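Asks: One structure, as structure tokens, below. Some questions next.
The values are calculated or read from the model by the stated rules, or taken from the named source; none is laboratory data. Predicted, not measured: the structure shown is a model, and the values here were computed from it. Cβ: placed from backbone, ideal geometry, glycine included. Neighbour counts: every protein chain shown.
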Amino acid sequence: MKYLLITLVSFLCLNFSALAESKGLVRHVVMFKFKDTATTEQIQSIEKHFASLPKKIDTIVGFEWGTNISKENLNEGLTHCFFVSFKNQQDLDAYGPHPAHQAFVKELKPILDKVVVVDYVAK
């Protein structure tokens with residue numbers, strides 16, 4: 001009986017842990033406005049560099065990006081949106097200080113005018 005109870009409690013703990021993980025991916029949404037002095041070549045280099053990060057950072061499980069096409073004119077100058085997905089908060093936390101991400105930030109900063117970042121758990 002004691003063995004059965006321990007097995008049952010272990011099973012429930014593992015399932016609750018899996019349930020917490022299945023609540024949704026952690027999404028990292030990043031939007032950029034580049035300086036007016038940024039060249040097309042510099043912006044294209046940033047696009048390519050950001051798009052290369054999933055190959056360099058194994059905690060990234062999803063990535064997409066695009067440029068603003070809204071006709072509402074509510075983007076406040078933000079032109080680029082990058083959507084990065086992680087399995088959990090710990091994987092997102094590991095992304096920030098990762099050397100590949102830091103190299104990207106170093107290239108980005110000189111031409112960046114404004115950035116907006118939103119992180120959330122997908123529901």
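Asks: Taking the residues in the range 82-96 that are in a strand (DSSP E or B) and of a type outside the set (A, V, I, L, M) as candidates, determine which candidate is nearest to G62 (Cα to Cα). Before you say what the answer is, go through the steps one by one.
Replies: First pass over the range 82-96, keeping only residues in a strand (DSSP E or B): 82-86.
Narrowing further to those that are of a type outside the set (A, V, I, L, M): 82-83, 85-86.
Values: F82: 11, F83: 8, S85: 5, F86: 7 Å.
In this case the residue turns out to be S85.
Asks: Looking only at residues in the range 67-95 that are surrounded by fewer than 14 Cβ atoms within 10 Å (Cβ to Cβ) and within 11 Å of the chain's Cα centre (by Cα), which one is farthest from A51 (Cα to Cα)?
Replies: Result: Q89.
Asks: If only one of E64, E47, E41, E72 is in a strand (DSSP E or B) and at pLDDT 95 or above, which one is it?
Replies: E64
Asks: What number of residues within the range 96-123 are surrounded by 11 or more Cβ atoms within 10 Å (Cβ to Cβ) and more than 17 Å from L53 (Cα to Cα)?
Replies: The number of residues fulfilling the criteria is 9.
Asks: Examine the range 97-112 for a residue that is assigned to a strand (DSSP E or B) and within 16 Å of K33 (Cα to Cα), and state whether such a residue exists.
Replies: The answer is yes, given that some residue of the range 97-112 is assigned to a strand (DSSP E or B) and within 16 Å of K33 (Cα to Cα).
Asks: Of the residues that make up the range 101-111, is at least one within 20 Å of G24 (Cα to Cα) and in contact with a Phe, Trp or Tyr (Cβ under 6 Å, 6 or more places away or on another chain)?
Replies: Checked against the condition, which is being within 20 Å of G24 (Cα to Cα) and in contact with a Phe, Trp or Tyr (Cβ under 6 Å, 6 or more places away or on another chain), the range 101-111 yields no hits at all.
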